[in-house]
Amino acid sequence: MTVTGIISALIVGLIIGALGRLVVPGKQNIPIWLTMVIGVVAALLGTVIANAVGVGDTKGFDWIELLFQVILAAIGVALVAGVGGRRRLTR
């Protein structure tokens, strides 16, 4: 993996994480770096799922792949925010 690939993954992860965060209703009290990590993981998993389903490489922009990625990021953000929220309430 090159430096350009790492930077691209971080940028895509930030965007996917932000989109996933926008989809989840309410306030998510998680740091931006965790949103980026969730976004990178969601982008990778979304690409794997899209390729497995057969829609990962289409002509033009891969909207279905992006949809998979954003949904996975939203699930990840909701799970992490829910776990973090429960921990804060018990203190």
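What does the extension gain come out to for ASN29 and THR4, with contour length at 0.36 nm per residue minus their alpha carbon separation?
Value of the extension gain: 6.0 nm.
For semi-axes √(5λ) of the Cα gyration tensor in Å, the choices are (1) 26, 15, 10; (2) 22, 15, 9; (3) 21, 13, 13; which was calculated from the structure?
(1)
Within the set of other residues whose C-beta is less than 14 Å from the C-beta of VAL53, count the net charge using Lys and Arg as +1 and Asp and Glu as -1.
Once all neighbours under 14 Å are counted, the net charge is -3.
Per residue of the stretch 21-28, in order, report the coupling 6.51 cos²θ - 1.76 cosθ + 1.60 (Karplus, θ = phi - 60°) as ³J(HN,Hα) in whole Hz, putting x for Gly and Pro.
5, 5, 6, 6, x, x, 8, 9
If I take R0 = 25 Å and measure r between the Cβ atoms of LEU22 and VAL55 in this structure, what FRET efficiency does the formula 1/(1 + (r/R0)^6) give, to the nearest 0.05?
0.60
When a footprinting reagent is the concern and you count Cβ atoms within 10 Å, what order do ILE49, ILE7 take, fewest first?
ILE7, ILE49
Only the coordinates and a few stated rules stand behind these numbers; no lab work does. All of these numbers come straight from a predicted model, not from anything done at the bench. All Cβ positions, even for glycine, are placed from backbone atoms using ideal geometry, and neighbour counts span all protein chains on display.
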